[in-house]
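Heads up: the structure comes next, in structure tokens.
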Amino acid sequence: MINIFRTDNRIISEIDQYEEGAWVKLTAPTLEECAEVSDRYQMDIADLRAALDDEESSRISLEDDYTLILVDIPSAEMRNNRHSYTTIPLGILIREDVVVTVCAEETAVLRSFEEQRIRDFSTKKQMRFTYQILYNACMVYQSLLRSIDRKRTEIEERIDQNTEDVDLIDLHELESNLVYFATSLRANGVVLDRLTRYGRLRQYSEDQELLEDVMIENKQAIEMTQIYRDIINGTRELMSTVINNRLNNVMKYLAAITIVMSIPTIISGLWGMNVGAEWMPFSDTPYGFGIICLITAVICAAVLWILKKRKML
């Protein structure tokens with residue numbers, strides 16, 4: 001799908017035809033749509049379709065008439081029947097008269113510009129607009145990272161209650177999200193570092209300051225990712241320790257019950273041996289059965305008291 005936008009007096013509007021200073025947004029474009037934009041702006045169709053490959057790595061390429069910037073941006077998906085996050089490529093192709101963005105799906109990074117939630121941007125200032133897109137991508141990364149940390153906190157708060165297998169699976173999914181983010185953010189950092197070296201892309205001092213802000217936010221997102229990964233590792237170790245401790249408590253409880261239950265078994269086994277009645281205590285005593293049961297109960301009670309004192313119950 002092709003959408004064309006242009007800002008006038010700081011208000012963005014969608015237009016019907018290609019104009020100078022426009023933003024051409026390609027979302028999951030067909031081959032015919034890519035060919036149309038390629039012919040219109042003399043861009044290599046392979047560069048236009050590079051962002052449609054999920055395995056494409058972040059990079060920057062300087063061509064004669066345009067510049068290709070390929071970065072990874074966050075995206076939501078369903079994985080293992082759970083709401084998870086991954087990263088997908090976003091292609092930004094910059095000419096002197098137009099900015100073309102290519103993405104395989106609708107993304108919050110670009111939707112913010114369409115809905116005028118980003119202030120003071122202009123599609124006519126190509127480099128500044130590009131840096132604002134990259135800056136917004138960093139903001140989305142940080143927002144999702146905080147969301148991931150909140151989910152981890154919810155899981156951690158349930159540790160004192162009944163920890164279930166699903167909590168361990170959810171924790172693993174959160175860590176998988178952070179792995180995707182960490183890999184993509186590092187690759188984006190390399191692209192941002194290269195942008196500072198290319199004099200051809202430097203137009204205004206304000207743009208350079210914005211690029212520095214993008215690099216700072218990207219580094220902050222990388223640090224947040226590493227911190228949250230470490231915290232998740234600690235949470236998983238805590239959950240494993242709590243589960244093992246609960247298992248040990250159950251095993252101690254079952255062992256104590258087994259010890260107590262073995263006492264009546266031993267006594268009944270002794271009194272049930274096939275020997276002469278004259279050799280069995282209380283065999284000729286009135287209420288002998290009751291006396292033996294009472295003795296058994298007293299011994300069991302004494303053993304229970306000893307086990308409780310030793311904190312086995």
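The values are calculated or read from the model by the stated rules, or taken from the named source; none is laboratory data. Because the structure is a prediction, the values reported are computed rather than measured. Don't worry about glycine lacking a Cβ; one is built from the backbone with ideal geometry, like all the others, and counts go over all protein chains shown. Side chains are part of the model used for accessible areas, which takes the heavy atoms of the whole protein and leaves out ligands, DNA and RNA. Shrake-Rupley method; radii C 1.70, N 1.55, O 1.52, S 1.80 Å.
Things worth noting here:
- Relative contact order of the chain, pairs being alpha-carbon contacts under 8 Å that are 6 or more residues apart, as %: 15
- Segment 92-134 shape via C-alpha gyration tensor axes, a/c threshold 1.5: oblate
- Most to least accessible of 175, 106 (protein chains only, probe 1.4 Å): 106, 175
- If both residues of a DSSP beta bridge must be in the chain, then about 85% of such bridges are antiparallel.
- Pairwise label distance in nanometres, residue 267 with residue 247, each label 7 Å out on the Cα-Cβ vector: 3.6
- Its Cα centre serving as origin, the chain has a Cβ charge dipole (Lys and Arg +1, Asp and Glu -1) of approximately 2020 debye.
- With DNA, RNA and ligands ignored, accessible area of residue 122 (1.4 Å probe; Å², nearest 10): 30
- Relative pair counts by distance (%), Cα atoms of segment 103-176, 5 Å bins: 3, 13, 18, 16, 12, 9, 10, 9, 6, 3, 1, 0
- Amide H contacts of residue 22 (H built 1.01 Å from N, in plane; Pro and chain starts excluded): 99 sit under 5 Å, all sequence-distant by 5 or more or on other chains.
- Longest to shortest principal axis, alpha-carbon extents of segment 177-313, angstrom: 113, 26, 16
- Global form of segment 212-287, assessed from the alpha-carbon gyration tensor, a/c cut-off 1.5: prolate
- Structure remark: mean-square fluctuation, Gaussian network model of the chain, C-alpha springs under 10 Å; the largest value among 215, 280, 139 belongs to 280.
- Within the accessible area of segment 230-313 (1.4 Å probe), percent carbon and sulfur: 70
- Candidate membrane-span-like segments in the chain, meaning DSSP H helices with Cα atoms spread over at least 30 Å of their own axis and a Kyte-Doolittle mean of 0.5 or above, are 288-309, with no membrane implied.
- A convex hull fitted to the Cα coordinates of segment 1-143 yields 112 cubic angstrom per residue.
- Kirkwood-based Rg to Rh ratio, the chain, C-alpha trace: 1.41
- For the residue pairs 125/219; 151/252; 151/308; 125/151, the C-alpha atoms sit more than 32 angstrom apart in 151/252; 151/308; 125/151.
- Between segment 96-133 and segment 235-313, the C-alpha centres lie 75 angstrom from each other.
- Ligands, DNA and RNA are left out, and with a 1.4 angstrom probe the accessible area of the chain is 57 Å² per residue.
- Cα-based equivalent ellipsoid of segment 8-68: semi-axis lengths in Å, sorted from largest, via gyration tensor: 22, 14, 13
- Averaged over residues, the count of other Cβ atoms within 10 Å places the peptides 58-68, 292-302 in the sequence 58-68, 292-302, highest first.
- On the beta carbon distance between residue 151 and residue 40, with R0 = 41 Å, the FRET formula returns roughly 0.40.
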